[in-house]
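Q: To start, I am sharing the structure in question, which I have written as C-alpha cells.
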Amino acid sequence: MPEVFFDASEFLMNLKKIKNFGDPLLVEAMEKSQNKVVVHAKANHKAPPKRGHPDDRFYTRSGNLVRSIRPDKVKENQEQIEADVLAGTPSLVSYAADIEFGNARHRAYPFLKPALSETENEILSLLSLTLKRIIGG
C-alpha cells in the first residue's frame, strides 16, 4: 500500500517526554490527523474529461479508489505511535500504488503525499497542542 512520511523531528523530540503512547488524548489527536489527510486525499476527484488530463489529480470512473481511502487503526506501543492512511482494497492495492507512484504505462498522480503535505502544518499544530496538554507544558 502507498505510504507517505513527513519530517517532524522537533515534534518527535517532544514525544520522548511522553511515558504512555497509548494516552487517549494522543490517540485521539492521531485519529483526527488521519481524518484530515483522508478528507484531503478524497477531495476534488471527478469524472475524466473527454480528452487529456489537465490537472494533477487522478480522475475517478467508478469511485472505488476514492471510497477506499481510509484511516487505519492507530497503533501504539511503549516506543512509538503510528497512524496510517490506507488506499485500496485487496483488489485495488496495486492500482492505488500505480496511481500514487506511477508505473511503466503512466505517470504518477499522487493523492496521499499531497494530502499529507497540505495538512502537515495543521497536523503538527494539533499534535503539538496535544503534547503540551499531556506533559503539562
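Q: Quick check on my link table: of Lys75/Lys113; Lys73/Lys132; Lys42/Lys113; Lys42/Lys132; Lys32/Lys132; Lys32/Lys73, which ones sit more than 19 Å apart, alpha carbon to alpha carbon?
A: Lys75/Lys113; Lys73/Lys132; Lys42/Lys132
Q: Are there trypsin sites (Lys or Arg not before Pro) in the stretch 58-137 that DSSP marks as loop and that have at most 15 other Cβ atoms within 10 Å, and which are they?
A: Answer by residue number: Arg61, Lys73, Arg105, Arg107.
Coordinate-derived values only; no laboratory data. Keep in mind that what you see is a predicted model, and the values were worked out from it rather than measured. Heads up, the Cβs are rebuilt from the backbone with ideal geometry, glycines too, and the neighbour counts pull from every protein chain shown.
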